[in-house]
Amino acid sequence: MMSRTMTEAPLPKRIDAFKLVEVNQQLKGKIESNKLTRLVDSTRSLDDYVECEVEFGRDEERLRVLTGKCSAGVVMECQRCLGDVRFEISAEFRLGLVFNDDQAKALPKRLEPVELDEEGRLDLWDVIEDELLLNLPDFPMHPQDECQALKIEPQEDIAAEETERPNPFDVLAQLKQK
């Protein structure tokens, strides 16, 4: 099967996935990250663009598939020190394109289903955003040697401080000795 050349441009939001599968289309492009509102809401900030490469085609079983990879730089809140921590997140995916739940249930376990609308269209940005959200760290933290929470100066030894203060019961001990 001949593969079409990969085009590079801003990645379209809604695509005719059914048609792109039939021509084995490859797309390479960017999405303005501020357009991915769920990802924006899950992070403190994002790089300006999400980089993506996707390919529509059929697998060895002749199933319609969408394969691809995407990446973005994100800043999240460190769960230890509450400061900013930067991550490069990426996702690789292989998805089965289906029209209904019955087709989704019939997919092999190696393929996650993505449902097309009745005309074979797909919101490509939603799919990519879902994949990136799944790859965000559950508990973002700086490496231990970089986290400000772990660099707190040790306080003076509290036990030593307590021994320096006079014990209020010393007076009673003196009375008992008399």
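Could you check Val50 against (1) hydrophobic (A, V, I, L, M, F, W, C); (2) under 19 Å from the mean Cα position of the chain (by Cα); (3) modelled with pLDDT under 95 and say which number it fails?
(3)
Quick check on the range 124-153: of everything there that is within 26 Å of Glu32 (Cβ to Cβ) and more than 14 Å from the chain's Cα centre (by Cα), which residue is surrounded by the fewest Cβ atoms within 10 Å (Cβ to Cβ)?
Looking at the filtered set, the residue picked out is Trp125.
Residue by residue through the range 73-93, note down the ones that are more than 30 Å from Glu22 (Cβ to Cβ) and either in a strand (DSSP E or B) or among the aliphatic types (A, V, I, L, M) (or both).
Residues satisfying the conditions are Gly73, Val74, Val75, Met76, Glu77, Leu82, Asp84, Val85, Arg86, Phe87, Glu88, Ile89.
Looking at (1) more than 28 Å from Ser45 (Cβ to Cβ); (2) out of contact with any strand residue (DSSP E or B) (no Cβ under 8 Å at 6 or more places or on another chain), which is the one condition that is false for Asp126?
All conditions are met except number (1).
Taking the residues in the range 53-81 that are over 16 Å from the mean Cα position of the chain (by Cα) and in contact (Cβ under 8 Å) with a residue 60 or more places away in the chain as candidates, determine which candidate is nearest to Glu112 (Cα to Cα).
Once the filter is applied, the top-ranked residue is Leu66.
Yes or no: Val40 in a strand (DSSP E or B), at pLDDT 95 or above and closer than 17 Å to Asp130 by Cβ?
Here the answer is no, as Val40 does not meet what is asked.
Hey, among the residues in the range 7-37 that are more than 26 Å from Phe99 (Cα to Cα) and over 20 Å from the mean Cα position of the chain (by Cα), which one's modelled with the lowest pLDDT?
Thr7
Taking the range 97-118 only, how many residues are in contact (Cβ under 8 Å) with a residue 12 or more places away in the chain, among the acidic types (Asp, Glu) and within 23 Å of Cys52 (Cβ to Cβ)?
Residues meeting the conditions: 2.
Which ones in the range 76-93 are surrounded by fewer than 16 Cβ atoms within 10 Å (Cβ to Cβ), more than 14 Å from Glu146 (Cβ to Cβ) and touching a Lys or Arg at 6+ places or on another chain (Cβ under 7 Å)?
Answer for the range 76-93, where residues must be surrounded by fewer than 16 Cβ atoms within 10 Å (Cβ to Cβ), more than 14 Å from Glu146 (Cβ to Cβ) and touching a Lys or Arg at 6+ places or on another chain (Cβ under 7 Å): Glu77, Ser90, Glu92.
The values are calculated or read from the model by the stated rules, or taken from the named source; none is laboratory data. Not measured: the values here are computed from a predicted model. Quick reminder, even Gly has a Cβ in these numbers, built from the backbone with ideal geometry, and neighbours come from all protein chains shown.
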